Each structure stands twice: as structure tokens, then as C-alpha cells.
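To keep things clear, I will list the structure first and then write my remarks on it.
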């Protein structure tokens, strides 16, 4: 897990709110405030029943927060018609109170992470996510952000962040790691995306998908929002679903006619690269161990769960 450089406290976040929230948000200042989830990039604090405060915990995450603040509403706009909520920032704060970077207040989206839902109950979610991503994957404007770790040609991704295959082998063994490397090589041989760059969520793994009653209710964490090859988003199908569910996901995606013939080998390669990155960085919160092991089993069924 990347090193945490700053760890915000409840008292610090309360002071930021007291000093900076404008009049229209003054009612939030004294709402209950408590620490929530924390991942590689951001700390989340629950603020009353309907909001959260999002603060980077390392300098490298600041550009992601700025992209999120600028582009979530634009990129995620089509999801509203599907009844899928996105955390569009409602306020952007500035460094103060000993905290060095920008921060945001976002809506709290009710729901449970798909990562906690038993696999057998995710069937309808596969269809929901396919509709969500195909809705989101529309041509992006020329000034949309680019991300060296998402949506780029696979050879560019390998140059920007070479996977640590020895670290992966230490977790999954040489044979399974060899299979993952083979999937990445298949993706490298596939034709690259040659159509206009489309909007990407950037990180649709099962902890960023929220459900209510087995239906997709929210798509959160737009920190990696960018324009590029949709294959890196479609890789989420290996992280979240089993083979039958993924077949339904794929059929719905293909029915739109928006994707090229080689999108699936590239998507599988992206899934293998995500597995390698997570295996090499244990300790990220939330718990990705089950997600990673599930993805390995999907990419290499002979590996088992």
C-alpha cells in the first residue's frame, strides 16, 4: 500500500468545515462527524446522514481529487437516468487547519458495497453495470483528463507501472502468475482502441459499486475519471462477476455496437494487471483480498478460488 503522508483527524476536519463552509452549508457544520473508509488515496469522513468529507492522504492523490471535483458531474451525468447515483462534489475546500491539500464535501450514497454481496446474488448487478458503463462510455471532450494508469494502450500502462511479477508469484505461485502474464501478452497482441477516447470511470471494482436490494444504486470514487480505451473499465467484470454473470454482461455490452472486436482480450489483460498491482500492494483498505482471489479464479478457472 502506498505510504500515507497525512492522516486527517475528526477535530481537523471539523475545523475545516467550521472555517470554510459557506452559508448555504452552515447546517452541516455541527452534524455528527466520524471516520469512514480509507483507501490508498483518500480518507472519508461521514458527515451527518447525507454527506461525507473526502480528503487526500498523499500528495500523489491530489490531482485525482481535482479531476473528481471537476469532472464527476459531467462524466456521470447519464447514470442519473438509470437511477444510479454518483458522488458529485457539492463543495470544494482549500488547505487550512494544518491540512495541506484541497478537499471536498460529497453526497453520501446509501447502499452496500458489491464486494460484500454473495456472488450468487450479483446476477442482476451484471446487467446494471453493463448498462451503466455503456451509458458512461461516450466520446469525451478534448480537455477531458488523461490517466497514465487507466484507459491507455496496454504497452503504455506497462511502461508507466510495470507489474511486479515476482511479488505476484509470491502470492499466487509461478503457474498462476504465468497464466496472468500470458493474458497480459494476449492483450498486448490485440489491436489497440482506435476510436475516439470515451469517458471512463477508471476504477469500477466491487468496493466502488454500491447496491440496494441486489440492484446497482451507486458508482463511487471518480478519482480516476479520464478519457481513453473502455477496456480498462470493462475489466471490472472479472473482479465482480462469475463466468455466467460475465457472459450476460458481455452480451449486453456487445449489443450496443460501441466497442471494437479486440476489447475483450484487452479488458482481460487490464484485469490481470489490476490483480498484479493489488497483490504487490497488500494492506490497502478496504479489504481487496477476496476480490483479487476471485479475479484470479475467473481469469484462470483451473486455479480455483
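Taking region 46-73 and a reference point 7 angstrom along Cα→Cβ of residue 149, the backbone N atoms nearer than 19 Å belong to 54-72. The modelled label-to-label distance for the pair residue 289/residue 94, using points 7 Å beyond Cα in the direction of Cβ, is 4.5 nm. Placing dummy labels 7 Å off each Cα toward the beta-carbon, the span from residue 5 to residue 21 is 2.8 nm.
For the pair residue 254 and residue 175, what calculated FRET efficiency results from E = 1/(1 + (r/R0)^6), where r is the Cβ-Cβ distance and R0 = 35 Å, to the nearest 0.05?
On the way: r = 31 Å, r/R0 = 0.90.
Efficiency for this residue pair is about 0.65.
When peptides 269-275, 211-217, 254-260 are ranked by their average number of other Cβ atoms within 10 Å per residue, the highest-first order is 269-275, 211-217, 254-260.
Taking mean projected area of the Cα convex hull in nm² as calculated from this structure, the corresponding entry among (i) 17.0; (ii) 17.9; (iii) 15.1 is (iii).
On full extension, the segment bounded by residue 280 and residue 243 gains 10.8 nm, given 0.36 nm per residue less the C-alpha separation.
To the nearest 500 deg cm²/dmol, what mean residue ellipticity at 222 nm is calculated for the chain from DSSP H runs of n ≥ 4 alone, each contributing -39,500 (n - 2.57), summed and divided by the residues? Can you show the working numbers first?
Numbers: 11 runs with 121 residues, N = 305.
Counting only the DSSP helices, I get -12000 deg cm²/dmol.
Taking each residue as 0.36 nm, the span from residue 261 to residue 30 lengthens on full extension beyond its C-alpha to C-alpha distance by 77.8 nm.
Fully extending the segment from residue 159 to residue 127, taken as 0.36 nm per residue of separation minus the present Cα-Cα distance, adds 8.2 nm.
Here, each number is a calculation from the coordinates, and none is a lab measurement. Note that the structure is predicted; figures quoted are calculated from it, not measured. Counting neighbours? That spans all protein chains shown, and the Cβs are built from the backbone with ideal geometry, glycine included.
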